[in-house]
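Undergrad: Here it is, the structure in full.
Just so it is clear, none of the values below were taken in a lab; they were calculated from the coordinates. Values in this document were obtained by computation on a predicted structure and should not be read as measured data. Here the Cβ is made from the backbone with ideal geometry for all residues, glycine too, and neighbour counts use every protein chain on show.
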Amino acid sequence: MAELILLMPLAASGISICTDKFLAGLTALVQALTLAFSLVLAWRVAQYGPLNYGWFYIDAVGALFLLTVAVVSCTAAIYSAGYVRSAHDGAPITGASLRRYYVQFNLFTFAMLLIPLLGNLGLVWIALELTTLTSVFLVGFEYTGRATEAAWKYLIISFVGAMLGLWGLVLLYYCTVHAPAAYQGLEWAHLYRLAGSLNPQTMKIVLLLCLIGYGTRAGLAPMHTWLPDAHGEAPSPVSALLSGAKTTVSFYVVLRFYFIAVRSLGATAQHLMLFFGLLSVLIAAAFILQQQDYKRMLAYSTVEHMGIAGLGAAFGTPLAIYGMLFHLFNHAVTKSNLFYAAGNVLLKYRTREILRVKGLLKSLPLTGVVFLVAVLAIAGLPPSGIFVSELTVLTAGFRTYPGAAVALLALLAVVFFGLVRSMYQMVFGPPGGDVPEMGISNWNNLAMALSLLLIILPGLIALPLLHPLLNAAAAVFAGR
């Protein structure tokens, strides 16, 4: 099953090299099938426990993140089918540019799907670097000066993070070799079991290197600086993948290292994660308040939500871990939806400036409604899934670190004000006379509609597969 999940986007990428016919429909179909197989695999893990064969190790945590990446990849593929028809001032992408887009798109999704399927942390590091190499050209796909600059910035900062993460990995291996129960390997399941015997002084350095190194790709401050540029300049479906899937699966890698460190260091590890989480939310709140570019505003919102997830991990109780994992899923589907809506706005208004976009409800009624609902959801209003997951994290925080929970609540209020103020300016009022007449593809609207369901439903009902998987995943990290 895992092999099929990986082979399908690889095959689609290979086909994209050879022809530019039917690539949009083919990729959407491939990603839909990948999602279907991911659902089956996740159900299998939720029912019968981890799968471990060859290079693959899929426990409930891996299955949850696999499912999250597959959902976002599927909706991004659907949105891409509309994007390539009108990306260049209403003109379609064709020929070599179309082939290049879909080769890179499918390779990027392959690399992200690979990460939660692997059990060896060394292989996970390689797969994470592959996500950077396959996405950097997508960030600069439109070949403008700003897009090229954003791609280089993304590559350079990610390289620095990769080197720090690699040193953390090497030191972790050193710890395992010199542990009382010596183990020469990097299989996460084994490392997690013997984490209590690892040298705590060396593990402090390991955790710091991994939080900064892998946190770079996850969007945790202070190494988040690539994120607003890359998300702002990339094509909208790529922004959705970066924000909804890439940062999420990168945070998954952070969690794998972090919970090994918690077993070795206890409260010291929690305090370090607490610092990075609060710093991320604080920086995001400050920049959201002064942002004039709606795509960059959404990018800083991603930094905020990675910080919230970090705080959930730091609070450390089973309830907090459950809320943190639930929050990562909710953020992925909500933020990808927001980038789809932002893509429609960009196609219609030809600007990313908040002050130049008005009257969305009149000029693009469906997009306006979706954007309104999704902004309120990402800001934490009920009945969204994000409201439930944020409330869960805060409830756990008030029981363990009440000071941090109060600080988080205050920062969430600041972010709410900044997001809603910008949304109100864009959604309401008259559109103005200079808005070009341009329709939005049904593919774009379908991607938004599907994502919208996943924004609202988790806040209203317990989804059949999602919540058993969340319970099992939380139990893994809680050591039960």
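Undergrad: Which value results when the Cα radius of gyration for segment 287-364 is divided by 2.2 N^0.38 Å?
TA: On the way: Rg = 15.6 Å, N = 78, 2.2 N^0.38 = 11.5 Å.
This ratio for segment 287-364 stands at 1.35.
Undergrad: For the pair Ala91 and Gln292, what calculated FRET efficiency results from E = 1/(1 + (r/R0)^6), where r is the Cβ-Cβ distance and R0 = 35 Å, to the nearest 0.05?
TA: 0.80
Undergrad: Would you mind finding the longest exposed-site-free stretch of the chain, with exposed chymotrypsin sites (Phe, Trp or Tyr not before Pro) meaning DSSP loop and at most 10 other Cβ atoms within 10 Å?
TA: The longest uninterrupted stretch comes out as 144-480.
Undergrad: Tell me the label-point distance for the pair Val177, Phe417, using the 7 Å Cα-to-Cβ offset, in nm and rounded to one decimal.
TA: 5.4 nm
Undergrad: Then there's this: Let me know the charge dipole size of the chain about its Cα centre in debye, to the nearest 20, where only the beta-carbon of Lys, Arg (+1) and Asp, Glu (-1) is charged.
TA: So the magnitude is around 240 debye.
Undergrad: While we're here: Let me have the relative contact order for the chain, percent, based on Cα pairs under 8 Å that are six or more residues apart.
TA: Value for the chain: 17 percent.
Undergrad: Tell me the relative contact order for segment 367-469 as a rounded percent, counting alpha carbon contacts under 8 Å between residues six or more apart. Could the numbers behind the result be given before it?
TA: On the way: 61 pairs, mean separation 46.8, N = 103.
In percent, rounded to a whole number, it is 45.
Undergrad: Could you calculate the contour length gain from Val170 to Ala449, that is, 0.36 nm times the residue separation minus the distance between their Cα atoms, to one decimal place in nm? Kindly include the intermediate steps, with their values, before the conclusion.
TA: On the way: separation 279, 0.36 × 279 = 100.44 nm, distance 4.47 nm.
Net length gain for the segment: 96.0 nm.
Undergrad: For Trp43 paired with Leu4, estimate the spin-label separation in nm (one decimal), with each label point 7 Å from Cα along the Cα-to-Cβ line.
TA: 1.2 nm
Undergrad: On to the next question. Ratio of Rg to Rh for segment 255-311, alpha carbon only, Kirkwood? Before the final figure, lay out the partial values.
TA: Working: Rg = 13.7 Å, Rh = 12.1 Å.
We get a ratio of 1.14 for segment 255-311.
Undergrad: Let me know the number of lysine pairs in segment 2-477 closer than 17 Å at the Cα, not counting same-chain pairs under 8 apart.
TA: Going through segment 2-477 pair by pair, I get 8.
Undergrad: Set Lys and Arg Cβ to +1 and Asp and Glu Cβ to -1, take the dipole of segment 2-477 about its Cα centre, and tell me which of Ile440, Ile260, Val388 lies farthest positive.
TA: Val388
Undergrad: Please report, in whole Å³, the volume per residue of the convex hull around the C-alpha atoms of the chain.
TA: 120 Å³
Undergrad: Starting with the fewest neighbours, write out Lys358, Lys335, Lys204 ranked by other beta-carbon atoms found within 10 Å of each beta-carbon.
TA: Working: Lys358 19, Lys335 31, Lys204 16.
Least crowded to most crowded, the residues run Lys204, Lys358, Lys335.
Undergrad: Looking at the square roots a ≥ b ≥ c of the eigenvalues of the Cα gyration tensor of segment 127-171, which shape do they give, rounded for a/c under 1.5, prolate if a/b is larger than b/c, or oblate?
TA: oblate
Undergrad: On full extension of the chain, what length is gained from Ala475 through Trp55, given 0.36 nm per residue of separation minus the C-alpha to C-alpha distance?
TA: Values: separation 420, 0.36 × 420 = 151.20 nm, distance 2.32 nm.
Gain in length upon complete extension: 148.9 nm.
Undergrad: Mind sorting Ser384, Ser441 by how few other Cβ atoms lie within 10 Å of their own Cβ, fewest first?
TA: Going from sparsest to densest Cβ surroundings: Ser441, Ser384.
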